[in-house]
Amino acid sequence: MAFETLIVETNEGVALVRLNRPQALNALNSQLLGELSAALDAAEADPEVGCVVVTGSEKAFAAGADIKEMADKTYAEMFAADFFAKAARRIEQFRKPIIAAVSGYALGGGCELAMLCDFIIASDTAKFGQPEINLGVMPGIGGTQRLTRYVGKSKAMDMMLTGRMMDAAEAERSGLVSRIVAADKLLDEALEAARKIAAQSPLAVMMNKELVNTAYETTLSAGVAVERRLFHSLFAFEDQKEGMAAFVEKRKPAFKGR
Ligand code: CO8
(Lines give C-alpha, C1' and ligand atoms only; values in the text may rest on other atoms or scores of the structure.)
Protein backbone atom coordinates (compact mmCIF):
# COMPACT_ATOMS: atom_id res chain seq x y z
CA MET A 1 0.00 0.00 0.00
CA ALA A 2 1.50 3.37 -1.02
CA PHE A 3 1.09 6.39 1.23
CA GLU A 4 2.18 10.02 0.89
CA THR A 5 2.65 10.84 4.56
CA LEU A 6 3.87 7.47 5.82
CA ILE A 7 6.50 4.93 4.90
CA VAL A 8 5.48 1.41 5.84
CA GLU A 9 7.76 -1.63 5.68
CA THR A 10 7.00 -5.11 6.95
CA ASN A 11 9.82 -7.47 7.94
CA GLU A 12 10.15 -10.44 10.27
CA GLY A 13 6.63 -10.07 11.65
CA VAL A 14 6.94 -6.34 12.32
CA ALA A 15 5.23 -3.48 10.46
CA LEU A 16 7.36 -0.36 10.78
CA VAL A 17 5.30 2.80 10.23
CA ARG A 18 7.34 5.98 9.79
CA LEU A 19 5.54 9.31 9.90
CA ASN A 20 6.85 11.21 6.91
CA ARG A 21 6.02 14.92 6.77
CA PRO A 22 9.53 16.27 7.41
CA GLN A 23 8.61 19.77 6.22
CA ALA A 24 6.13 20.05 9.12
CA LEU A 25 8.00 18.01 11.76
CA ASN A 26 5.47 15.23 11.16
CA ALA A 27 2.54 17.37 12.28
CA LEU A 28 -0.62 15.29 12.21
CA ASN A 29 -2.97 16.44 9.47
CA SER A 30 -6.13 14.78 8.20
CA GLN A 31 -4.28 12.96 5.42
CA LEU A 32 -1.66 11.50 7.76
CA LEU A 33 -4.27 10.39 10.28
CA GLY A 34 -6.37 8.77 7.52
CA GLU A 35 -3.31 6.99 6.15
CA LEU A 36 -2.29 5.84 9.63
CA SER A 37 -5.73 4.27 10.11
CA ALA A 38 -5.44 2.54 6.73
CA ALA A 39 -1.94 1.24 7.56
CA LEU A 40 -3.27 -0.18 10.83
CA ASP A 41 -6.23 -1.80 9.03
CA ALA A 42 -3.71 -3.52 6.73
CA ALA A 43 -1.46 -4.57 9.64
CA GLU A 44 -4.44 -5.95 11.58
CA ALA A 45 -5.54 -8.01 8.58
CA ASP A 46 -2.04 -9.35 7.80
CA PRO A 47 -1.39 -12.60 9.68
CA GLU A 48 2.34 -12.10 9.12
CA VAL A 49 2.30 -8.96 11.31
CA GLY A 50 2.65 -9.61 15.03
CA CYS A 51 3.62 -6.13 16.17
CA VAL A 52 3.73 -2.55 14.87
CA VAL A 53 6.37 0.11 15.50
CA VAL A 54 5.37 3.74 14.93
CA THR A 55 8.22 6.21 14.62
CA GLY A 56 9.08 9.64 13.22
CA SER A 57 12.37 11.26 12.33
CA GLU A 58 15.40 11.95 14.48
CA LYS A 59 14.21 15.56 15.00
CA ALA A 60 10.53 14.88 15.57
CA PHE A 61 8.27 11.96 16.34
CA ALA A 62 5.45 14.47 15.71
CA ALA A 63 5.24 18.15 16.69
CA GLY A 64 1.51 17.98 17.27
CA ALA A 65 -1.67 18.33 15.31
CA ASP A 66 -1.19 20.42 12.16
CA ILE A 67 -1.76 23.94 13.44
CA LYS A 68 -1.89 25.41 9.94
CA GLU A 69 -4.65 23.01 8.89
CA MET A 70 -6.59 23.63 12.10
CA ALA A 71 -6.18 27.38 12.61
CA ASP A 72 -9.22 28.62 10.63
CA LYS A 73 -11.61 25.76 11.29
CA THR A 74 -15.03 26.51 12.72
CA TYR A 75 -16.70 24.62 15.54
CA ALA A 76 -19.01 22.94 13.01
CA GLU A 77 -16.08 21.82 10.86
CA MET A 78 -14.15 20.40 13.82
CA PHE A 79 -17.23 18.60 15.10
CA ALA A 80 -18.20 17.18 11.71
CA ALA A 81 -14.74 16.09 10.54
CA ASP A 82 -13.82 14.17 13.68
CA PHE A 83 -10.67 12.79 12.05
CA PHE A 84 -8.59 13.00 15.23
CA ALA A 85 -11.07 10.90 17.18
CA LYS A 86 -11.48 8.48 14.29
CA ALA A 87 -7.73 7.80 14.20
CA ALA A 88 -7.55 7.57 17.99
CA ARG A 89 -10.37 5.02 18.02
CA ARG A 90 -8.56 3.00 15.35
CA ILE A 91 -5.45 2.82 17.52
CA GLU A 92 -7.44 2.09 20.69
CA GLN A 93 -9.19 -0.81 18.95
CA PHE A 94 -6.03 -2.24 17.36
CA ARG A 95 -5.55 -5.68 18.90
CA LYS A 96 -1.86 -6.27 18.14
CA PRO A 97 0.81 -4.40 20.13
CA ILE A 98 2.00 -1.01 18.92
CA ILE A 99 5.31 0.42 20.13
CA ALA A 100 6.05 4.14 19.78
CA ALA A 101 9.75 4.75 19.06
CA VAL A 102 10.19 8.42 19.91
CA SER A 103 13.11 10.62 19.00
CA GLY A 104 13.03 14.42 19.20
CA TYR A 105 9.76 16.28 19.67
CA ALA A 106 6.59 14.45 20.73
CA LEU A 107 4.37 17.45 21.38
CA GLY A 108 0.64 17.98 21.62
CA GLY A 109 -1.05 15.43 19.35
CA GLY A 110 2.39 13.83 18.89
CA CYS A 111 2.65 13.10 22.61
CA GLU A 112 -0.96 11.90 22.54
CA LEU A 113 -0.21 9.58 19.62
CA ALA A 114 2.75 8.11 21.51
CA MET A 115 0.55 7.59 24.58
CA LEU A 116 -2.11 5.85 22.47
CA CYS A 117 0.52 3.22 21.64
CA ASP A 118 1.08 0.32 24.06
CA PHE A 119 4.45 1.50 25.23
CA ILE A 120 7.03 4.12 24.41
CA ILE A 121 10.73 3.59 23.80
CA ALA A 122 12.47 6.96 23.76
CA SER A 123 15.81 8.13 22.46
CA ASP A 124 17.90 10.27 24.78
CA THR A 125 16.94 13.27 22.61
CA ALA A 126 13.18 12.83 23.07
CA LYS A 127 11.12 15.76 24.35
CA PHE A 128 7.53 15.31 25.42
CA GLY A 129 5.01 18.05 25.99
CA GLN A 130 1.41 19.21 25.82
CA PRO A 131 2.02 22.85 24.79
CA GLU A 132 -1.54 23.47 23.55
CA ILE A 133 -2.04 26.04 26.31
CA ASN A 134 0.34 28.30 24.36
CA LEU A 135 -2.14 28.22 21.46
CA GLY A 136 -5.12 29.04 23.64
CA VAL A 137 -6.43 25.47 23.53
CA MET A 138 -5.81 22.13 25.26
CA PRO A 139 -5.03 18.53 24.33
CA GLY A 140 -7.85 16.95 22.32
CA ILE A 141 -6.75 13.38 21.56
CA GLY A 142 -6.86 12.08 25.11
CA GLY A 143 -3.83 13.95 26.52
CA THR A 144 -5.53 15.42 29.58
CA GLN A 145 -6.62 11.93 30.59
CA ARG A 146 -3.73 9.73 29.45
CA LEU A 147 -0.86 11.95 30.60
CA THR A 148 -2.50 12.21 34.02
CA ARG A 149 -2.74 8.44 34.26
CA TYR A 150 0.87 8.01 33.10
CA VAL A 151 2.62 10.61 35.27
CA GLY A 152 0.11 11.61 37.98
CA LYS A 153 -1.81 14.81 38.65
CA SER A 154 0.99 17.14 39.74
CA LYS A 155 3.25 16.60 36.75
CA ALA A 156 0.33 16.48 34.30
CA MET A 157 -0.97 19.82 35.60
CA ASP A 158 2.54 21.30 35.42
CA MET A 159 2.98 20.09 31.81
CA MET A 160 -0.44 21.19 30.61
CA LEU A 161 -0.70 24.51 32.39
CA THR A 162 2.85 25.75 31.76
CA GLY A 163 3.28 24.01 28.40
CA ARG A 164 6.83 23.00 29.33
CA MET A 165 8.60 20.02 27.79
CA MET A 166 9.85 16.94 29.60
CA ASP A 167 13.16 15.40 28.54
CA ALA A 168 13.70 11.66 28.15
CA ALA A 169 15.18 11.19 31.63
CA GLU A 170 12.21 12.89 33.31
CA ALA A 171 9.81 10.94 31.09
CA GLU A 172 11.38 7.64 32.14
CA ARG A 173 11.50 8.65 35.81
CA SER A 174 7.83 9.48 35.79
CA GLY A 175 6.69 6.35 33.98
CA LEU A 176 5.80 7.87 30.62
CA VAL A 177 8.38 5.82 28.73
CA SER A 178 9.49 2.26 29.31
CA ARG A 179 13.16 2.72 28.37
CA ILE A 180 15.65 5.22 26.95
CA VAL A 181 18.28 4.38 24.35
CA ALA A 182 20.90 6.35 22.44
CA ALA A 183 19.36 8.11 19.44
CA ASP A 184 21.30 6.04 16.88
CA LYS A 185 20.11 2.79 18.52
CA LEU A 186 16.42 3.73 18.85
CA LEU A 187 15.07 1.92 15.84
CA ASP A 188 17.22 -1.20 16.39
CA GLU A 189 16.02 -1.45 19.98
CA ALA A 190 12.36 -0.88 19.11
CA LEU A 191 12.49 -3.37 16.22
CA GLU A 192 14.20 -5.96 18.41
CA ALA A 193 11.47 -5.60 21.05
CA ALA A 194 8.82 -5.81 18.31
CA ARG A 195 10.38 -8.94 16.77
CA LYS A 196 10.46 -10.57 20.20
CA ILE A 197 6.74 -9.84 20.61
CA ALA A 198 5.96 -11.00 17.06
CA ALA A 199 7.61 -14.37 17.78
CA GLN A 200 5.31 -15.06 20.77
CA SER A 201 1.88 -16.65 20.65
CA PRO A 202 -0.29 -13.95 19.06
CA LEU A 203 -3.21 -15.12 21.19
CA ALA A 204 -1.30 -14.75 24.45
CA VAL A 205 0.05 -11.40 23.25
CA MET A 206 -3.45 -10.08 22.53
CA MET A 207 -4.73 -11.27 25.89
CA ASN A 208 -1.81 -9.68 27.76
CA LYS A 209 -2.48 -6.39 25.98
CA GLU A 210 -6.20 -6.57 26.65
CA LEU A 211 -5.64 -7.20 30.36
CA VAL A 212 -3.13 -4.40 30.91
CA ASN A 213 -5.61 -2.04 29.24
CA THR A 214 -8.38 -3.45 31.44
CA ALA A 215 -6.39 -2.23 34.45
CA TYR A 216 -7.13 1.34 33.30
CA GLU A 217 -10.84 0.83 32.97
CA THR A 218 -11.91 -1.18 35.98
CA THR A 219 -11.40 -1.97 39.67
CA LEU A 220 -8.59 -4.23 40.88
CA SER A 221 -10.92 -7.08 41.88
CA ALA A 222 -12.89 -6.96 38.61
CA GLY A 223 -9.64 -6.82 36.60
CA VAL A 224 -8.16 -9.76 38.50
CA ALA A 225 -11.36 -11.76 37.94
CA VAL A 226 -11.15 -11.18 34.17
CA GLU A 227 -7.46 -12.12 34.25
CA ARG A 228 -8.25 -15.42 36.01
CA ARG A 229 -10.90 -16.37 33.45
CA LEU A 230 -8.67 -15.50 30.50
CA PHE A 231 -5.71 -17.30 32.08
CA HIS A 232 -7.77 -20.48 32.29
CA SER A 233 -8.93 -20.02 28.69
CA LEU A 234 -5.33 -19.98 27.42
CA PHE A 235 -5.27 -23.72 28.14
CA ALA A 236 -7.68 -24.21 25.23
CA PHE A 237 -4.94 -23.13 22.80
CA GLU A 238 -2.25 -25.32 21.21
CA ASP A 239 0.19 -22.47 21.84
CA GLN A 240 0.01 -23.06 25.61
CA LYS A 241 0.86 -26.76 25.11
CA GLU A 242 3.67 -25.82 22.72
CA GLY A 243 5.12 -23.13 25.00
CA MET A 244 5.23 -25.32 28.06
CA ALA A 245 6.39 -28.45 26.16
CA ALA A 246 9.23 -26.40 24.62
CA PHE A 247 10.34 -25.27 28.07
CA VAL A 248 10.37 -28.85 29.40
CA GLU A 249 12.19 -30.12 26.28
CA LYS A 250 14.71 -27.23 26.43
CA ARG A 251 13.95 -25.95 22.92
CA LYS A 252 12.49 -22.82 21.36
CA PRO A 253 8.71 -22.82 21.05
CA ALA A 254 7.11 -22.58 17.60
CA PHE A 255 3.83 -20.79 18.19
CA LYS A 256 1.07 -21.11 15.60
CA GLY A 257 -1.61 -18.77 16.85
CA ARG A 258 -4.14 -21.46 17.61
N1 CO8 B 1 1.68 22.16 12.89
C2 CO8 B 1 2.01 22.63 11.69
N3 CO8 B 1 3.29 22.92 11.33
C4 CO8 B 1 4.24 22.72 12.26
C5 CO8 B 1 3.96 22.24 13.53
C6 CO8 B 1 2.60 21.93 13.85
N7 CO8 B 1 2.23 21.41 15.03
N8 CO8 B 1 5.11 22.15 14.24
C9 CO8 B 1 6.08 22.56 13.42
N10 CO8 B 1 5.57 22.91 12.22
C11 CO8 B 1 6.28 23.43 11.04
C12 CO8 B 1 6.71 24.87 11.26
O13 CO8 B 1 5.65 25.76 11.01
C14 CO8 B 1 7.85 24.97 10.25
O15 CO8 B 1 7.31 25.12 8.98
P16 CO8 B 1 7.85 26.34 8.01
O17 CO8 B 1 9.29 25.97 7.77
O18 CO8 B 1 6.99 26.23 6.81
O19 CO8 B 1 7.73 27.60 8.80
C20 CO8 B 1 8.47 23.59 10.32
O21 CO8 B 1 7.48 22.71 10.87
C22 CO8 B 1 9.68 23.52 11.20
O23 CO8 B 1 9.33 24.01 12.48
P24 CO8 B 1 10.14 25.16 13.25
O25 CO8 B 1 10.81 26.06 12.28
O26 CO8 B 1 9.21 25.78 14.24
O27 CO8 B 1 11.26 24.26 13.97
P28 CO8 B 1 12.04 24.60 15.32
O29 CO8 B 1 13.12 23.58 15.41
O30 CO8 B 1 12.41 26.03 15.38
O31 CO8 B 1 10.96 24.35 16.50
C32 CO8 B 1 9.21 23.15 17.64
C33 CO8 B 1 10.46 23.07 16.74
C34 CO8 B 1 9.59 23.64 19.05
C35 CO8 B 1 8.63 21.75 17.74
C36 CO8 B 1 8.18 24.14 17.01
O37 CO8 B 1 8.00 23.79 15.66
C38 CO8 B 1 6.83 24.13 17.68
O39 CO8 B 1 6.66 24.71 18.74
N40 CO8 B 1 5.83 23.47 17.03
C41 CO8 B 1 4.46 23.49 17.53
C42 CO8 B 1 4.29 22.59 18.72
C43 CO8 B 1 2.86 22.63 19.20
O44 CO8 B 1 2.35 23.66 19.63
N45 CO8 B 1 2.18 21.48 19.15
C46 CO8 B 1 0.77 21.37 19.56
C47 CO8 B 1 -0.12 21.56 18.38
S48 CO8 B 1 -1.84 21.59 18.83
C49 CO8 B 1 -2.24 19.98 19.09
O50 CO8 B 1 -1.45 19.10 18.93
C51 CO8 B 1 -3.65 19.70 19.53
C52 CO8 B 1 -4.02 18.26 19.34
C53 CO8 B 1 -5.46 18.04 19.64
C54 CO8 B 1 -6.35 18.15 18.43
C55 CO8 B 1 -7.68 17.51 18.73
C56 CO8 B 1 -8.75 17.94 17.79
C57 CO8 B 1 -10.07 17.29 18.13
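The values are calculated or read from the model by the stated rules, or taken from the named source; none is laboratory data. Just so it is clear, the structure is predicted and the values come from calculations on it, not from any experiment. Cβ: placed from backbone, ideal geometry, glycine included. Neighbour counts: every protein chain shown. For accessibility, only protein heavy atoms count, side chains too; no ligands or nucleic acids. Shrake-Rupley method; radii C 1.70, N 1.55, O 1.52, S 1.80 Å.
Miscellaneous remarks
- Stokes-Einstein D (µm²/s) once Rh is taken as the Kirkwood radius of the chain over alpha-carbon pairs, at 37 °C in 0.692 mPa s: 171
- Candidates 189, 69, 35, ranked by Gaussian network fluctuation over the chain, Cα under 10 Å, top entry: 69
- Global geometry of segment 1-84, whether rounded, prolate or oblate, following the gyration tensor of its Cα atoms and the 1.5 cut on a/c: oblate
- With R₀ fixed at 51 Å, the C-beta to C-beta distance from residue 12 to residue 74 puts the FRET efficiency at about 0.65.
- Distance between the pseudo-spin-label points of residue 154 and residue 242 (7 Å out from Cα toward the beta carbon): 4.8 nm.
- In segment 6-198, Cα pairs under 8 Å separated by at least six residues give a relative contact order of 22 percent.
- Backbone HN-Hα couplings from phi across segment 126-131 [Karplus 6.51/-1.76/1.60, Hz, Gly and Pro as x]: 5, 9, 10, x, 10, x
- Separation of the residue 144 and residue 215 label points, Cα + 7 Å toward Cβ, nm: 2.6
- Within straight-line reach of residue 73, meaning a Cα separation under 21 Å, sit the following lysines at least 8 residues removed in sequence or on another chain: 86.
- The sum of -39500 (n - 2.57) across all DSSP H runs of n ≥ 4, divided by the residue count of the chain, sets its helix-only mean residue ellipticity at 222 nm to -14500 deg cm²/dmol.
- Across segment 208-217, coupling constants 3J(HN,Hα) worked out from phi with the 6.51/-1.76/1.60 Karplus curve, θ = phi - 60°, read 4, 4, 4, 6, 5, 5, 4, 4, 7, 10 Hz, and Gly and Pro carry x.
- Pairs exceeding a 20 Å alpha-carbon distance, out of 196/256; 96/196; 155/209; 127/155; 155/185: 155/209; 155/185.
- Here the accessible area is traced with a 1.4 Å probe on the protein chains. For the chain, carbon and sulfur cover 57 percent of it.
- Under-5 Å amide H pairs with residue 119, H placed in peptide plane, nonlocal only: 98, 100
- 17 Å Cα-Cα reach of residue 153 towards aspartates and glutamates, excluding residues that sit fewer than 8 places from it in its own chain: 112, 170, 172
- One Cα centroid belongs to segment 152-186, the other to segment 77-104; the line between them spans 20 Å.
- Extended-chain gain in nm, criterion 0.36 nm per residue less alpha-carbon gap, residue 59 and residue 249: 63.7 nm
- Surface accessible to a 1.4 Å probe, residue 73 within the full protein complex, Å²: 80
- Here the dipole of the chain is about 720 debye; that uses its Cα centre as origin and unit charges on the Cβ of Lys and Arg (positive) and Asp and Glu (negative).
- Using the 1.4 Å probe convention, the accessible area of the chain works out to 54 Å² per residue with neighbouring protein chains retained.
- Nearest-20 debye value, segment 201-249 charge dipole, Cβ charges on Lys, Arg, Asp, Glu: 180
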